[in-house]
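Encoded as structure tokens, the structure appears first; notes follow it.
The values are calculated or read from the model by the stated rules, or taken from the named source; none is laboratory data. This structure is a prediction, so every number in the text was calculated from the model and none was measured. All Cβ positions, even for glycine, are placed from backbone atoms using ideal geometry, and neighbour counts span all protein chains on display. Side chains included, ligands, DNA and RNA excluded: accessible areas come from the protein's heavy atoms. Shrake-Rupley method; radii C 1.70, N 1.55, O 1.52, S 1.80 Å.
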Amino acid sequence: MFLGTYVSKLMPRNQFVLAAKLSKSLSGDRLIIAKGFDRCVYGFSVEQWQKIAEAELLKPLLTEEGRRMRQQVFSQAEEVDLDKQRRFVLPEYLLKHAQIKNDLVVIGAGDHFEIWDKDEWANLSHSGSS
């Protein structure tokens, strides 16, 4: 399970180091990253992604909803390998989607983690409090 909040920085060549506590929730050195429905990047274990994929593939291809969800979910996802230092590259299109500049926050969200621009996360996490 992915838990906690971690502050980090984007490294040269769009590399990112996954926090050790988060990488322990992976069964190996591979993960799936995908465009989040919010302005963030989602990260999944390969096993959890397979569960999500199976559920999406149950939707009939002949329906508009089935086609649109397949297009949105699978075209915006990539399988990435972690190196020995738990680094991986965040593709430019995902950085642009999440508007990540340099400082970022990674939050555990149970079955996945989310990568946010630090300022965007600060605005979002404070918008609900009075």
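If you filter the stretch 102-130 down to residues that are among the aliphatic types (A, V, I, L, M) and modelled with pLDDT of 95 or more, you find that the one that is most open to solvent (accessible area, probe 1.4 Å) is Ala109. Among the candidates Glu78, Glu47, the residue that is within 20 Å of Asp117 (Cβ to Cβ) and either in contact with a Ser or Thr (Cβ under 6 Å, 6 or more places away or on another chain) or in contact (Cβ under 8 Å) with a residue 12 or more places away in the chain (or both) is uniquely Glu78. In summary, strands (runs of 3 or more DSSP E) completely within the stretch 1-101 and bearing 1 or more residues that are open to solvent by 60 Å² or more (accessible area, probe 1.4 Å) occur at 5-9, 30-35, 77-81, 87-89. Entry remark, the stretch 102-130: residues being within 11 Å of the chain's Cα centre (by Cα) and part of a strand (DSSP E or B) number 7 in total.
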